[in-house]
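Below is one structure, written out as structure tokens; comments come after it.
The values are calculated or read from the model by the stated rules, or taken from the named source; none is laboratory data. Note that this is a predicted model, so its numbers are computed, not measured. Please note: Cβ atoms are built from the backbone with ideal geometry, for glycine as well, and neighbour counts cover all protein chains shown.
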Amino acid sequence: AADEELLTGLLRDTWGFDGTVVADYFGIAFLTTLHAIAGDWADAATAALRAGVDVELPTVKTFGAPLEEAVTDGRVPEALIDRALRRVLTQKTALGLLDPDWNPLPPALDGADLDDPHALRGSIDLDGPGNRELARTLAEEAVVLLSNDGTLPLARPRRIALLGPNADEPTAVLGCYSFPQHIGVHHPDSPVGIDLPTLHDTLAAEFPDTEFRAVRGTGVDDGDLSGISEAVRAARDADVAVAVLGDRAGLFGRGTSGEGCDVESLTLPGAQQQLLDALLDTGTPVVTVLLAGRPYALGRAATESAAIVQAFFPGEEGTHAIAGILAGRLNPSGRLPVSVPRTPGAQPTTYLGPRLAHANDVSNIDPTPAFPFGHGLTYTTFDWTNLTVDSQEASTDGEFSLALTIRNTGRRPGTEIVQLYLHDPVASVVQPVQRLIGYTRLDLDPGQARRLHVTVPADLASFTGRDGQRITEPGTLELRFATSSTQPRLTAHVTLTGPQRHVDHTRHLHAVLTPDA
């Protein structure tokens, strides 16, 4: 009873959760088959129950006959079964699932003949205007402009060569758990079911007077080189070449990216790098567009492309967002959630590492990325000024208050992403060089400035100490306001004072960034 009360309290206090705990797919069976911490299904079920898991998904593997046998022979206390059952029934009661008038069918299907698939088709709209608008907003704010020599936005070119395997592929914007890529691939004769315009479609709409020539060049991962020469000819005859490369999402080896689709190298799949290098040799400006599930090392293209646009499976409205950015209708505001490696084997490429994980004199491998975590360009410019700190010191259970001013100094509206990193120069346990502890988006018109007020709890400097307890310790810190993990703009030097303090799950996890109205 005490264990149950503690577990329930932790779930409620930490996550605001007061329901059941379910296993990830086959997670309980994996205790035997993959993790080898349980000798049989009954042992796996016992371990899961004791840990607080109430429901097994997706099928009954261990919580069925093996568990019944273990309860019968006394290996599993009935109290564990009672605890799981009580939590499941309590949640079902709270949700109304046990009410006499509850109906598992949504209103749109109530009374429908469930054995007739035609009666179900079109009865529920999961892709209505509101959903499409949300999908477009997400895509527009997520697409990242990695580099630009001034070619973008495109100035109404007469001829665009649209090249690469993803230029005319509708599903190139979808990840492996989207319905068309997860289920639809098993039913190739069935329509996709949603509108998925290709980048060819959306660019043609943005540039109605432009002549397009589309050449695939090569497949995503087939290694075919036979179409590269035609792609090169198309690029030479164009004002600009748009190379649309990247991944095909899938599951367990059926794609180049997705669950169970791991890779040994971050080289572009198939012959895509050969295609890209051949296009760069033409002398025509090449805009590289990546519809991918992971960051790829682009070789010479990282510096020789006229521009690089990165979209991580941006969803059903992704090509509208990309086309809008290429045309200048949209000002890009996405920032990298990962680093883009400079070379295929330079690992790790995460910014979140200690000094030894960065370029140093101990290793001959330089993991410095081509484009760092948090990086992203826009079509305007911003000034960051007037950083103030209310107090340079705070106790280990206190907080810092800061403010800075951001001004749009360009000629068009734009969004600046203010990122706040914490650097702990000396700690009792090795720390990452810096950690992102907060960020915010600021939409600014040309010439507009906003004052940004920031509160940083001391808890954000906490880490796991040598005794295994999470601690905040006194010492100096740097609070870096930056446009990326490698581009600090303003830095505040502050000090935590007082005794070392243990912190628990109730610690403050976020800095608060509040702009003036």
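Taken together, L356, L404 contain a single residue that is among the hydrophobic types (A, V, I, L, M, F, W, C) and surrounded by 15 or more Cβ atoms within 10 Å (Cβ to Cβ), which is L404.
Exactly one residue out of T319, T303 is assigned to a helix (DSSP H, G or I), surrounded by fewer than 24 Cβ atoms within 10 Å (Cβ to Cβ) and in the same structural domain as T256 (by TED's automatic domain parsing): that is T303.
Each residue in segment 472-517 was checked for being without any contact (Cβ under 8 Å) to a residue 40 or more places away in the chain and either acidic (D, E) or surrounded by 16 or more Cβ atoms within 10 Å (Cβ to Cβ) (or both), and 1 pass. Selection of segment 356-371 for residues being assigned to a loop (DSSP other than H, G, I, E, B), of a type in the set (A, V, I, L, M, F, W, C) and touching a residue at least 12 places away in the same chain (Cβ under 8 Å) yields I365, A370. Number of residues in segment 27-54 that are surrounded by fewer than 16 Cβ atoms within 10 Å (Cβ to Cβ) and either farther than 13 Å from I81 by Cα or β-branched (V, I, T) (or both) equals 7. Selection of strands (runs of 3 or more DSSP E) fully inside segment 406-475 by the criterion of at least 2 residues being within 15 Å of H510 (Cα to Cα) and not acidic (D, E) returns 414-423, 435-444, 449-457. Annotation: E393 fulfils all but one of (1) more than 29 Å from G353 (Cα to Cα); (2) surrounded by fewer than 17 Cβ atoms within 10 Å (Cβ to Cβ); (3) touching a strand residue (DSSP E or B) at 6+ places or on another chain (Cβ under 8 Å); the unmet one is (1). When segment 130-156 is filtered for residues that are more than 26 Å from the chain's Cα centre (by Cα), of a type outside the set (D, E) and modelled with pLDDT of 95 or more, the ones remaining, listed by number, are G150, T151, L154. Of the residues in segment 23-41, at least one is touching a Pro at 6+ places or on another chain (Cβ under 7 Å) and modelled with pLDDT under 90.
Would it be correct to say that V232 is without any contact (Cβ under 8 Å) to a residue 60 or more places away in the chain, surrounded by 20 or more Cβ atoms within 10 Å (Cβ to Cβ) and part of a helix (DSSP H, G or I)? Yes: the conditions hold for V232. Taking the criterion of being surrounded by fewer than 16 Cβ atoms within 10 Å (Cβ to Cβ), in contact (Cβ under 8 Å) with a residue 60 or more places away in the chain and farther than 21 Å from T491 by Cβ, the residues of segment 441-465 that qualify are R441, P446. Within segment 482-517, the residues that satisfy the criterion of being closer than 15 Å to T396 by Cβ and not hydroxyl-bearing (S, T, Y) are V494, L496, G498, P499, Q500, R501, H502, V503, D504, R507, H508.
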